[in-house]
Ligand code: SF4
Ligand code: SF4
C-alpha cells in the first residue's frame, strides 16, 4: 500500500498541484494588465494628491508671491538632515531723517528705534538631495508656511539639480497673479 | 616576480583575499574550496557576503561577513535631537519601517511618561499591520525570486501596491515611513483611507487561496523547502531568533501576545506556529500570519470608527525638547521578529545612547550553524527563509 501511495498516488497529486498553479497563471494571463508603461503612461493624479514630496512655501492669501514665512529659522534648526537654508533680510539703511532722529534720541538718552528688517526671508533654499521627507519642518512651522508638494516627476543629471530656490518656485507658481516679478530686495 | 616566488606566495597565502577570507581559511580542511557567496549574489541583495567552505556541492562551513552597508544609526542617535532621530528609524528596516518608528517613539514615550491618545493607538496598529502585510508580500516575492520563480513577485507587488496606496494617505510616503511622532501620529486616517482598508480586507482574503494554489501547494516549491535548513528550538534559543523564524520551529513567541504593548490585548487573533523547524515551516507561518493580520485589521478598523473625532496627538514636544533623565526599553513585533529600542537619557536635548535590537541580526547569526552540510542551492533557500533586511544587520 505504501509503495502504491509513494509511486503512483503521490506523483499524481504532485502533477495536479502543477496543473492548479498553471490554471491560476492562465487565468491571469487573460486578464487586464496591472502595470503602467512609464513614461508613456502615468498613474492618475488622484493617487499623487496624498503623496508628500519635497516641501514648498505657501504664499500669503492676499499676496501669493510672498511667502507667509517669518524667517524664524525653526524649520532649519529642526531639520534632521540640514537641508533648509533660510536667509533673513537685512535691516534697511536708515534714511537721513531717521539717522537724525536716532542720533537725537541717543543724545537724549532715550531708547534708540532702529528701522526693523522685514520679516519675510531674503532667500529660502532647499537641498532636496539631502531631504529625508520626514515632515518635521512642516509640523514645526509656526505660521504654516510650508507644505508638501506632490511633485514626483523629478529628473536631473547632477545633485545640483535638486537644490531648489523655494522663493523662486513660489513666484513661478503664482506667476499669473504676480504683476511684477518680485526682486530680491523686496 | 619569478615563478618561484609566486609559488612561495601561494603556499603562504593560498587564497589571497582579505582579512576575513584568510582567517576563515585557517580552519579549512584539505582539498576543500573556499567560496564567496555575495555580496553580488542575487540572494544576498548586494550587501551581504557569506564565506563558504565547500566540498563539491556541499557546504562544510559558512560564515556571514557583515558591514557592507555602514549606516551607524545607533551612533547617529547621539548627535540628533530626540525628535530628529525619528526619520532614521524608517531606514533601519525598509520592509517594515513602521515597527521601528513605533519601537523608538514607544521607548521615548515610556521614558517621558507620555500617554498616547486612543485614536492614535488604533492608527498605529492599523498602519503597522498593513505594513506587516506589505513586508510579508515583499518577502514572499523576493524569496521565490531567489528560488528561481519570477512570476510570484509580480503578483506580490500588485497587492503590495494596493497596500502602499492606502498607507500613502496617512503617511505621505511609500517606503521609508516616518510618520509616528512622540505622543501620537503625524496624520489622521481619513474616511477614504478607512474605506480603502475595508475594501482591501475581503479582496486580500480572496487572494490568499490563490497564493496557495499558485505556489504554496506547488510540488516544486515543496521539494525546495521541505526539510531544508532544520533549525531546532535549541538553535533558535541560543541565537535569539525571533519572529516567524522562531515560530517556524514551534516556539510560540510573539511580542504582541507575550509582552503586550499598545492595545493589542483587545484583539482576538492567533499566533501561528509550525513545528517542522524547516524552511517550509517558516514559509507557512508567514502565510498564516497574513491571514491573522487581516483579522486584527478588521477589529482595529471597527475600534477606530468608535474613536472617531478624537485627537491623534498628545501635546507635541517641541523640536528642542529635553527628555527626562533615565532609561527605557520598548519592543514591538515586526515582520521579522522582535524589534527593540533601548534609550538612555541624561536629560539633554539628544539621547545619551540609543541601542537597537534588530531581529535580522540574530536570525542571520544562526545561518553558520544551520548551513552546515547542506547543498549550495539550499543555502539560498535557507537565507531567503530567514527574511533578512540588511540595514538591520549593519545598523
Ligand atoms: S522634510 Fe525633514 S529632511 Fe526634508 S526639509 Fe523638512 S525637516 Fe528637513
Ligand atoms: S518656513 Fe516657517 S519655520 Fe521655516 S523659517 Fe519660515 S516661518 Fe519659520
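Numbers at a glance
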| quantity | calculated |
| --- | --- |
| Matching residues, the range B:90-102, being within 12 Å of another protein chain (Cβ to nearest Cβ) and touching a strand residue (DSSP E or B) at 6+ places or on another chain (Cβ under 8 Å) | B:101 |
| Extreme residue, nearest to the other protein chains (Cβ to nearest Cβ), among residues of the range A:56-75 that are in contact (Cβ under 8 Å) with a residue 60 or more places away in the chain and part of a loop (DSSP other than H, G, I, E, B) | A:72 |
| Where a residue in the range A:134-153 is more than 13 Å from chain B (Cβ to nearest Cβ) and touching a residue at least 40 places away in the same chain (Cβ under 8 Å) and its partner, wherever it lies, is more than 11 Å from ligand 1 (Cβ to nearest atom) and in a loop (DSSP other than H, G, I, E, B), with Cβ under 6 Å and at least six apart | A:143/A:68; A:143/A:70; A:145/A:58; A:145/A:68; A:145/A:69 |
| Sole residue being away from ligand 1 (no atom under 16 Å from the Cβ) and at negative phi, chosen from B:113, B:90, B:67, B:106 | B:106 |
| Given (1) away from every other protein chain (no Cβ under 14 Å); (2) crowded, with 24+ Cβ neighbours inside 10 Å; (3) within 18 Å of the chain's Cα centre (by Cα), number of the condition residue B:138 does not satisfy | (2) |
| Residues (loosely packed, with under 11 Cβ neighbours inside 10 Å and part of a loop (DSSP other than H, G, I, E, B)) located in the range A:14-35 | A:30, A:31, A:32, A:33, A:35 |
| Number of the exception - residue B:185 against (1) buried (at least 20 other Cβ atoms within 10 Å of the Cβ); (2) at the interface with chain A (Cβ under 10 Å from one of its Cβ atoms); (3) under 17 Å from residue B:122 (Cα atoms) | (2) |
| Among (1) crowded, with 21+ Cβ neighbours inside 10 Å; (2) modelled with pLDDT under 90; (3) not in a loop (DSSP other than H, G, I, E, B) - the single one residue B:368 does not satisfy | (1) |
| Enumeration of residues in the range A:128-139 that are within 17 Å of residue B:186 (Cβ to Cβ) and more than 8 Å from ligand 1 (Cβ to nearest atom) | A:139 |
| Criterion: surrounded by fewer than 17 Cβ atoms within 10 Å (Cβ to Cβ) and either over 15 Å from residue B:394 (Cβ atoms) or not assigned by the TED database to the domain that holds residue B:179 (or both) - qualifying residue of B:78, B:53, B:109 | B:78 |
| Every residue from the range A:80-127 that is more than 14 Å from every other protein chain (Cβ to nearest Cβ) and in contact with a strand residue (DSSP E or B) (Cβ under 8 Å, 6 or more places away or on another chain) | A:85, A:86, A:87, A:120, A:121, A:122, A:123, A:124, A:125, A:126, A:127 |
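Matching residues to (1) in a helix (DSSP H, G or I); (2) closer than 30 Å to residue A:45 by Cα; (3) within 16 Å of ligand 1 (Cβ to nearest atom):
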site	(1), (2), (3)
A:77	yes, no, yes
A:94	no, no, no
A:97	yes, no, no
A:107	yes, no, no
A:118	no, no, no
A:126	no, yes, yes
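The values are calculated or read from the model by the stated rules, or taken from the named source; none is laboratory data. What you see is a predicted model, and the numbers here were worked out from it, not measured in a lab. Positions of Cβ are backbone-derived with ideal geometry, glycine not excepted, and every protein chain shown enters the neighbour counts.
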